[in-house]
Amino acid sequence: MEQKDHDLCERLAHTLKGVSGTIGAQELYGLLRSLEKAFQDEDTKIAEALLPRVQGALEQVLGSITSLEPHPSESLLRVINPTDISTLKPEQERLKELLEDDDLEAVKVLDRLYGLLSASELDASLIEEIKESVSSYDFEEALDQLATLTAAVSS
């Protein structure tokens, strides 16, 4: 606001409004809707009056979010049934071959592994990380992540 860039302020208010609506922060959403409108109308007085209320509501939402306990499924690794390891090994080996060949077919194997890991109660976040690396054509990073996954499953 100090730079009088109403377009930027409006976009920021709009983005934050969308996020607050998505997470169900209704009070913040309503305030941001009003703030966005003030920027659209270039009504600096209303915008300035709303900012402290928006900041207070935002701080409350952020405080609530940071106080949440992580869900048990968010732990990196959970208990894996030892009988499931035998079904994972061939997929892991195939994935390693595909990654070494920089082959995007690895995504299909990752999808199968994701299903197996979900069924075996192993957190599949590692699979998501590998998929992101493959999608970015970073096969070396994906191989390192696969090594981490293999070690986790084997232990």
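Going by what's in this entry, would Thr150 be described as modelled with pLDDT under 85 and within 30 Å of Leu8 (Cα to Cα)?
In short, no.
Which one is surrounded by the most Cβ atoms within 10 Å (Cβ to Cβ) among residues in the range 134-150 that are of a type outside the set (Gly, Ala, Ser) and touching a Lys or Arg at 6+ places or on another chain (Cβ under 9 Å)?
Residues of the range 134-150 that are of a type outside the set (Gly, Ala, Ser), as a first pass: 134, 137-141, 143-146, 148-150.
Now restrict to residues that are touching a Lys or Arg at 6+ places or on another chain (Cβ under 9 Å): 143, 146, 150.
Numbers: Leu143: 15, Leu146: 24, Thr150: 17.
Here the residue is Leu146.
Tell me, which residue of the range 62-104 that is outside any helix (DSSP H, G or I) and either touching a Lys or Arg at 6+ places or on another chain (Cβ under 9 Å) or closer than 16 Å to Thr150 by Cβ (or both) is modelled with the highest pLDDT?
By that ranking, first place goes to Ile80.
It is to be established whether one or more residues within the range 15-35 are of a type in the set (Ser, Thr, Tyr), modelled with pLDDT of 90 or more and farther than 30 Å from Glu128 by Cβ.
There is at least one residue in the range 15-35 that is of a type in the set (Ser, Thr, Tyr), modelled with pLDDT of 90 or more and farther than 30 Å from Glu128 by Cβ.
The values are calculated or read from the model by the stated rules, or taken from the named source; none is laboratory data. No experiment lies behind these values; they were computed from the predicted model shown. Note that we place each Cβ from the backbone using ideal geometry, even for glycine, and neighbour counts take in every protein chain shown.
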